[in-house]
Amino acid sequence: MTDSSVLHPVKPTKRRPLGSADFAALLNALPQAVLLVDLARGFTMLANTRLAEMTASLPDDLAGLPLASLLTNPDNQPLPPLHQWIGRAQNLALELVTRSGRRLPVAASLVPLPSSTDLVLITIEAQSVLIQHQVKNERQQHLWDALYTLGHAASQNDLQAAYSMALQAGIRLTGAAWIGLY
């Protein structure tokens, strides 16, 4: 048991404003490449290390760049008005310009910061990574479908139909060209 006179109330700590080092640490904790952008001026403010790796640059070298020098439209057109893309579920298909000038196809999404209407986070994923995720998700869906078919095969009244369903599910589960029962 503790004596209530021993417990002291905890005083709330004063909130200190977040500095750029704090924001950089937060951005580096995110799994995807991220830019903090001032849309009113059209300049990048911070970039995380994943974006720096994609562009073969240092994060400090990416800060202060015009956004148009880092992200472009695939057809060499000017960037669309990014304000219209804020909060949309659909990603924006762009190209990321690397330090060497190479252009990587990417998908970007914009998330506004609640404290300011001009600051947005732009998350960037390489198209190849998105395709890998899509293939993985499709493969996983096929596996679930095959497992469902396999489970449903056991409830069939006709033994021939049950065997047929089990064999079809086995082919989808294993990826084999053919499968048989002894």
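The values are calculated or read from the model by the stated rules, or taken from the named source; none is laboratory data. Computed from a predicted structure; not experimentally measured. Because the Cβ atoms are built from the backbone with ideal geometry, glycine has one as well, and the counts that use them run over all protein chains shown. Accessible surface areas use protein heavy atoms only, side chains included; no ligands, DNA or RNA. Shrake-Rupley method; radii C 1.70, N 1.55, O 1.52, S 1.80 Å.
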request  = Please report, ordered by residue number, the helices (runs of 4 or more DSSP H) entirely within segment 36-84 with at least 3 residues that are open to solvent by less than 70 Å² (accessible area, probe 1.4 Å).
outcome  = 49-55, 67-70
ask   = Is one or more of the residues making up segment 123-141 in a loop (DSSP other than H, G, I, E, B) and in contact with a strand residue (DSSP E or B) (Cβ under 8 Å, 6 or more places away or on another chain)?
value = no
query = Do we find a residue being touching a residue at least 60 places away in the same chain (Cβ under 8 Å), open to solvent by less than 70 Å² (accessible area, probe 1.4 Å) and either in contact with a Lys or Arg (Cβ under 7 Å, 6 or more places away or on another chain) or outside any loop (DSSP other than H, G, I, E, B) (or both) anywhere in segment 110-119?
reply = yes
task = Could you please let me know if SER100 is of a type outside the set (A, V, I, L, M) and within 16 Å of LEU39 (Cβ to Cβ)?
result = no
ask   = Given THR174, THR149, which one is open to solvent by 40 Å² or more (accessible area, probe 1.4 Å) and over 15 Å from the mean Cα position of the chain (by Cα)?
value = THR174
message = Of all residues being aliphatic (A, V, I, L, M) and either without any contact (Cβ under 8 Å) to a residue 24 or more places away in the chain or more than 22 Å from ASP60 (Cα to Cα) (or both) in segment 90-105, which is most open to solvent (accessible area, probe 1.4 Å)? Just the residue, please.
response = ALA93
message = Pull out all pairs, ordered by first then second residue, where Cβ-Cβ is under 8 Å, the residues are six or more apart or on different chains, the first lies in segment 48-64 and is farther than 13 Å from THR98 by Cα, and the second is among the β-branched types (Val, Ile, Thr).
response = ASN48/VAL34; ALA63/THR44; GLY64/THR44
